[in-house]
Amino acid sequence: MFKTLRVVILLGVLLVVAVNAYQDHHHNWTQPVYVALYPVNVDGSPEVASYIHALSDKDFKEIEGYLNTQSKKYGQNVHFYYRLGDEVKALPPVVPKNSGVISAMMWSLKFRYYAHKNATDVGVPTNLRLFLQYHHTDKRILTETSTALQNGRIGVVNLFASGDKTTNNNVVIAHESLHGFGATDKYNLANGIPNYPDGYANPAQNPLYPQKYAELMAVHIPTSETKFVMARALNQTMIGELTAKEIGWVQDK
Ligand SMILES: [Zn+2]
């Protein structure tokens, strides 16, 4: 009797885990998407502190409009809502530089625990939680230190704490948001060169270069086969077909 009960409980736990994993991988886009944003002052500087203090939901509105417009190209009408949560004092675990499986797994566990402990209520049930690490503008940011997990829907995003970087920051936040829904990077992680054709906003353009826009998951606008410039604002980017398929905006035929 006791044994049966134990098996039933175990099966119940497994079912919950399986349902959660399924939901993380098959988002229902007809439902609104709430993204909670938690600012973190990485270097503890007073400049970053006052930048964070002045942030509001308004600063992220642009991303909501952008994602809605992009989804319409694929017959969707998605509604993202970005909600600013409380500043988090503890720093997220550092993303490992070497891509070993064990260190990646350890990091993912630590990060899930960190998110569980530090993500405060934003008044709505959230579909994605992003920790925004704001840096002083005299620092250099390594782009590969930003990452978002589809399993658990959490991410850490590195940004500059400066008003003239807001549009640039929104490109990075939108990019990381889509990682949370299963989109993959579409550029060469070693040298930044966008992948052809999937990392091109307009792969059929003739002549091919220079491209006018960046594919959001490539972030870079190709100006020649080997050269590119960084997209500085969301209006210099668009969401390509492969990304739309990966996140479930279009069904694979
Ligand atoms: Zn990425």
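The values are calculated or read from the model by the stated rules, or taken from the named source; none is laboratory data. Since the structure is predicted, the reported quantities are computational estimates derived from the model, not experimental observations. Note that we place each Cβ from the backbone using ideal geometry, even for glycine, and neighbour counts take in every protein chain shown. For the accessible areas, the whole protein counts, side chains as well, though only heavy atoms, and no ligand, DNA or RNA atoms are used. Shrake-Rupley method; radii C 1.70, N 1.55, O 1.52, S 1.80 Å.
Assuming Asp198 fulfils every condition listed in (1) surrounded by fewer than 15 Cβ atoms within 10 Å (Cβ to Cβ); (2) at pLDDT 95 or above; (3) charged (D, E, K, R) apart from one, which condition is it?
(1)
Evaluate segment 204-216: report whether one residue or more is in contact (Cβ under 8 Å) with a residue 24 or more places away in the chain and in contact with a Leu (Cβ under 9 Å, 6 or more places away or on another chain).
Checked segment 204-216: at least one residue is in contact (Cβ under 8 Å) with a residue 24 or more places away in the chain and in contact with a Leu (Cβ under 9 Å, 6 or more places away or on another chain).
If you check Leu128, Leu149, which single one turns out to be open to solvent by 10 Å² or more (accessible area, probe 1.4 Å) and within 29 Å of Tyr51 (Cβ to Cβ)?
Exactly one of Leu128, Leu149 is open to solvent by 10 Å² or more (accessible area, probe 1.4 Å) and within 29 Å of Tyr51 (Cβ to Cβ), namely Leu149.
May I ask you to list the residues in segment 66-92 that are open to solvent by less than 40 Å² (accessible area, probe 1.4 Å) and under 23 Å from Leu216 (Cα atoms)?
Tyr66, Leu67, Asn68, Gln70, Ser71, Val78, Phe80, Tyr82
Residues to consider are Tyr209, Tyr134, Tyr213; find the one that is surrounded by 23 or more Cβ atoms within 10 Å (Cβ to Cβ) and over 14 Å from Thr243 (Cα atoms).
That would be Tyr134, the only listed residue that is surrounded by 23 or more Cβ atoms within 10 Å (Cβ to Cβ) and over 14 Å from Thr243 (Cα atoms).
I'm trying to understand the selection: among the residues of segment 22-54, which are open to solvent by less than 20 Å² (accessible area, probe 1.4 Å) and assigned to a strand (DSSP E or B)?
Val33, Val35, Ala36, Leu37, Tyr38, Pro39, Val40
Among the residues of segment 234-246, what is the count of those that are part of a loop (DSSP other than H, G, I, E, B) and over 21 Å from Asn169 (Cβ atoms)?
Qualifying residue count, segment 234-246: 1.
Could you tell me whether segment 123-130 includes any residue that is more than 16 Å from the ligand (Cβ to nearest atom), small (Gly, Ala, Ser), out of contact with any strand residue (DSSP E or B) (no Cβ under 8 Å at 6 or more places or on another chain) and within 19 Å of Asp59 (Cβ to Cβ)?
Among the residues of segment 123-130, not one is more than 16 Å from the ligand (Cβ to nearest atom), small (Gly, Ala, Ser), out of contact with any strand residue (DSSP E or B) (no Cβ under 8 Å at 6 or more places or on another chain) and within 19 Å of Asp59 (Cβ to Cβ), which makes the answer no.
On the basis of being among the hydroxyl-bearing types (Ser, Thr, Tyr) and surrounded by 14 or more Cβ atoms within 10 Å (Cβ to Cβ), does Tyr113 make the cut?
Judged against the criteria, Tyr113 is not a match.
Residues being open to solvent by 40 Å² or more (accessible area, probe 1.4 Å) and either more than 16 Å from the ligand (Cβ to nearest atom) or touching a Lys or Arg at 6+ places or on another chain (Cβ under 9 Å) (or both): count how many of those fall in segment 167-192.
Here the count works out to 1.
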